[in-house]
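Contents: one structure, followed by commentary.
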Amino acid sequence: MEFKNLKELMSYLSDLKRCREYYAWLRWGGNPICPHCNAAKPYLLKSGKYRCSSKTCKMDFSVVKGTIFEKSHIPLATWMGAVYLLSAHKKGISSCQLARDLGCTQKTAWFILHRIRHIMGDPDPEPLTNIVEADETYVGGKFQNMNRGRRKQWQEKGIDNKVAVMGMLERDGKARLTVIGKNTFKDVIRENVSPEAILMTDSHLSYQGLSMEYQCHLTVNHKEMQFRDGLCYTNTVEGFFSSLKRSIFGIYHSVSPKHLTQYCAETSYRYNTRKMTDKDRFIENMKAANGHRLTYNNLIQKKPSPAKDENINP
Ligand SMILES: [Zn+2]
């Protein structure tokens, strides 16, 4: 199927039969498989559903069975339009904007975005290698911008409202953002960077000792206003942080700490697919929609409304 933009895609998908056929092709590449028993060659019924050809199974299933689109009242074409929009926007898209584009409520758009974010990126990525820059940053609201109630909540908890995020990036290669949480900086690096790598960090004490574990560990001392020492600098990863902060501040306005991991994944995904076309990114995401089910209650963990969440600003 050839299309150059959202308008052409949506006009093609306006026919339900065509829409299902196109998704079946994206999902199975022309060879549908029963999601219950993995048998090949199911019968296509008049209703547009499939019936498993295995004598022991014989189950009926639709093209969206077992995908993030299953059991949704949102039409498949709308989902596909949303995947395209989220794949194509360089800095992401807010739920308010998506609601306007798709003609749905903001709450529905919010849920769509979170479901799609769930499929973006590599669930089991390889460790980073070659020259790897690593640095930490903090994402979170300023106390003076909070109302008194929220400020008090945070102060009673006795913790900083900022969340530490580690950015790691192969020069001219892949990048990754991880919420540090209870791990140490070194744990996060060990988990994500191959020991073969040439590692570059600032001179923060938390990185000390990594030179024993890595082929090479070079540091720049930011406190002494040293930012570049030949090959050794962390400017690329700092640029990568600014794209996370820009998308949170400019597009999403506020992010709850609980969802920060997914925003980190989305920012990493955009960086890692920067050389792909919008269409290829769309196709890849549509294929990844297979086998991920995230229910609304899972997503919000039975909290009444996303608006009442603990929001933080960058
Ligand atoms: Zn079957």
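Could I have the simple spin-label model distance between D187 and S11, label points 7 Å from Cα toward Cβ, reported in nm to one decimal?
5.5
Cα atoms only, segment 42-96: Rg and Dmax in Å?
15.7, 49
Would you mind checking K46/K91; K7/K91; K49/K245; K91/K287 for any pair whose Cα atoms are more than 32 angstrom apart?
Working: K46/K91 42 Å; K7/K91 20 Å; K49/K245 44 Å; K91/K287 22 Å.
Beyond 32 Å: K46/K91; K49/K245.
Measuring from the lowest to the highest alpha carbon on each principal axis, how far does segment 1-125 reach, largest first, in angstroms?
Largest first, segment 1-125 extends 48, 34, 26 Å along its Cα principal axes.
Computed over the Cα atoms, what is the radius of gyration of segment 1-70 divided by 2.2 N^0.38 Å, N being its residue count?
1.20
Values in this text are rule-based calculations from the coordinates and carry no lab data. In this text, all values refer to a predicted model and were calculated from it rather than measured experimentally. Here Cβ is always computed from backbone atoms with ideal geometry, including for glycine, and neighbour counts include all displayed protein chains.
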